[in-house]
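Reading through the structure tokens given below for one structure.
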Amino acid sequence: MIKSETRDRVARISFDRLDKKNALTGEMYALLGKALAGAEADATVRAVLLHGTAECFTAGNDVGDFLKRPTGGTPPAKALFDVLPHMQKPVVAAVGGPAVGIGSTLLLHCDLVYAAPNARFQLPFVPLGIVPEFGSTFLLPMLAGYQRAAELLLLGQPFTAQKAYEAGIVTEVVPQEQLIEHAVRVAAALAALPPESIRLTKRLMKARYGQTLAATIEEEMRVFSERLSSPEAKEALGAFLEKRKPDFSRF
């Protein structure tokens, strides 16, 4: 469900569960974290490319798998949270089709993000009765400004690649038929640059907010976990599984 291969000093890590729109299970989070950590530790790797297909990045959490997990434990996504923000090697992402929930928030930790016009982003945490995760309540206002971030995080509605570009989530919108090839070229260009210069430049750019980001991720995980047992979340997630409109009028 997570593929990883290294070619020409670029580790290509891809989602491979198309029958479920690359929705992430607990097992997939573990595999993704392991693949990223392996790329970071591999001296032959100079850059990382994260992608799905030009038609589908990831639909976010597999809700069925998500609801089977006991509440209060360590969330499976922590396998990703513990690695991606600390990558010293450059990480490029290529996004086509759905990029929902974690599929959008993980992009805030990538260095360069390329999206096709068919990409559809969404941060549906509030409509599901929970809260955003992976540092998005800190990073998105920093990138987009408070009001743009509030629109995306509070309303939780889908938005286009162009809107993601305007919010600073996406580096460039490229034609769908060129998406993966373009991202491969960029990753190869990064892999050809002085690796220590890249490592130090990333460190300098992130040094001013690293502690704040780490604290935000921890607090988000705590509140997220608490919200899962709330009446609002139970109604929202139940409605999602039953394919009906949630009713929050009694809350």
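All of Leu67, Leu31, Leu80 fail the test of being assigned to a helix (DSSP H, G or I), without any contact (Cβ under 8 Å) to a residue 40 or more places away in the chain, over 24 Å from Pro194 (Cβ atoms) and of a type outside the set (D, E, K, R), apart from Leu31.
Just one of the listed residues (Asn61, Asn22) is among the polar types (S, T, N, Q), at positive phi and crowded, with 24+ Cβ neighbours inside 10 Å, and it is Asn22.
Would the range 176-197 turn up any residue that is modelled with pLDDT of 95 or more, over 22 Å from Ile13 (Cα atoms) and outside any loop (DSSP other than H, G, I, E, B)? Yes, the range 176-197 has at least one match.
Just give me the residues in the range 81-101 being aliphatic (A, V, I, L, M) and either at pLDDT below 95 or crowded, with 24+ Cβ neighbours inside 10 Å (or both), in sequence order.
Once the filter is applied, which keeps residues that are aliphatic (A, V, I, L, M) and either at pLDDT below 95 or crowded, with 24+ Cβ neighbours inside 10 Å (or both), the range 81-101 yields Val91, Val92, Ala93, Ala94, Val95, Ala99.
Let's see how each residue does on (1) of a type in the set (Lys, Arg); (2) under 18 Å from Ile13 (Cβ atoms):
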site	(1), (2)
Gly97	no, yes
Phe125	no, no
Lys163	yes, no
Ala167	no, no
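So how many residues does the range 45-64 have that are aliphatic (A, V, I, L, M) and assigned to a strand (DSSP E or B)? Final tally of qualifying residues: 4.
The values are calculated or read from the model by the stated rules, or taken from the named source; none is laboratory data. Nothing here was measured: the structure is a model prediction, and the numbers come from that model. Cβ coordinates were reconstructed from backbone atoms using ideal geometry, including for glycine residues, and neighbour counts include every protein chain displayed.
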